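Structure first, then comments.
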Amino acid sequence: MEIRLSARNIGEILQEDFCPRCFWFTHKFAIDSSNPFHFPMPSIVSLMDSFLKRIMEAHHAERNSLPPWFSESILMEIPEIPVRSLRPIKVKRWRFSIDENVLLSGTPDVMWELPDGKLFIADFKTAVFTPKQENMLPLYTAQLNAYAYLAYKLEGKETEYLALVYFEPQHKAEYDKVLKRTAAEPALGFKCRTVAVEIWDKGKIEDICQRIVGILSSPTPPPGREGCEKCKAMKNWLEEITSYLNM
């Protein structure tokens, strides 16, 4: 049986509070749109991603360059990157069979080609880079390295740089800035912050995927992480809802 994995969530296995049992249940019994407990992702998230990509495309089409505030953010984190020479590459949905049991898929937010043909791949996050976001770095690092892996396997392209680009809502701006920004319309400002991400050896992505397959291919749920609060909450919820279903 082929197990389909997404670049977005393979890094869950690397997080400090990872629980194999919870992971098994959430993947075996995923809540889709037909489920009464399904909660759709707010459309503002995808709209923001789409808008940010259009900003990049418009600047490059009209001015043959990245927006200055974006270039400055990149150079603050990765000073050696040749921002004036980056060529945008059209992204597409990648699917690659690591072996007969594993299909890995993913679509980067944006990527550019460097003068030497290597890639710079970035992922947008509409969030403030707080300690909580920092705890998510293992997840995001795996995501971006999965994109680099797919680019190599399917396009034959090596990746030179990976980065997270945070667009931090400036919702606590001073009154004078708020008044100036919202004189004509209720505009919310954003601060751009780039966080460089380590590039892994390609074999690490394959190892992670195989570890996940080892969990998901089990016909029964594996043992949970000791003291996992989510396991306890799931057990209590199931017991409670079952008591009502039997009425």
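Counting Lys and Arg as +1 and Asp and Glu as -1 over every other residue whose Cβ lies under 14 Å from the Cβ of Ala148, the net charge comes to -4. 3J(HN,Hα) along the stretch 101-116: 9, 10, 10, 9, 10, x, 9, x, 5, 8, 8, 10, 9, 7, x, 8 Hz, from the Karplus curve 6.51 cos²θ - 1.76 cosθ + 1.60 with θ = phi - 60°, whole Hz, x for Gly and Pro. The overall shape of the chain, judged from the alpha-carbon gyration tensor, is oblate: a/c is not under 1.5, and a/b is no greater than b/c.
Please give the net charge around Ser6, taking every other residue with its beta carbon less than 11 angstrom from that of Ser6, where Lys and Arg add +1 and Asp and Glu add -1. Net of charged neighbours comes to +3.
The separation of the stretch 57-114 from the stretch 153-185, counted between C-alpha centres, amounts to 15 Å.
Among Ser73, Ser34, Ser85, rank each residue by its count of other Cβ atoms within 10 Å, from fewest to most, as a rough exposure measure. Kindly include the intermediate steps, with their values, before the conclusion.
Details: Ser73 22, Ser34 6, Ser85 12.
Placing the least packed residue first, the sequence is Ser34, Ser85, Ser73.
So, counting K/R as plus one and D/E as minus one, what does the shell of residues with Cβ under 13 Å around Gly224 add up to? Before the final figure, lay out the partial values.
Working: positive: Arg21, Arg225, Lys230, Lys232, Lys235; negative: Asp17, Glu226, Glu229.
Computed value for this residue: +2.
Here's how it looks for Val102: its modeled amide H is under 5 Å from those of Ile3, which are all 5 or more places away or on a different chain. Cβ crowding within 10 Å, taken as a proxy for footprinting-reagent exposure, orders Asp32, Asp207, Asp109 from fewest neighbours to most as Asp32, Asp207, Asp109. Each peptide in 176-189, 131-144, 90-103 was scored by the mean count of other Cβ atoms within 10 Å over its residues; highest first, the order is 131-144, 90-103, 176-189. Legend: residue pairs Lys92/Lys191; Lys191/Lys230; Lys28/Lys153; Lys172/Lys235; Lys28/Lys90, Cα-Cα distance threshold 31 Å; pairs beyond threshold, Lys191/Lys230; Lys172/Lys235; Lys28/Lys90.
The 3J(HN,Hα) values that the Karplus relation (6.51, -1.76, 1.60; θ = phi - 60°) gives for the stretch 197-214 are, in residue order, 10, 5, 9, 8, 5, 4, x, 5, 5, 5, 5, 4, 4, 5, 5, 5, 4, x Hz. Gly and Pro appear as x.
Taking every C-alpha pair closer than 8 Å and separated by at least 6 residues, the mean separation divided by the residue count of the chain gives a relative contact order of 26 percent. Comparing Pro79, Ser34, Met56 along the charge dipole axis of the stretch 1-88, the residue lying farthest to the positive side is Ser34, per the Cβ-charge model.
Seen through its C-alpha gyration tensor, with square-root eigenvalues sorted a ≥ b ≥ c, the stretch 79-145 comes out oblate because a/c lies at 1.5 or above while a/b is not bigger than b/c.
We did not get these values from a lab; they are worked out from the coordinates using the rules stated. These figures come from a predicted structure and were not determined experimentally. Backbone-built Cβ (ideal geometry, glycine too); neighbour counts: all protein chains shown.
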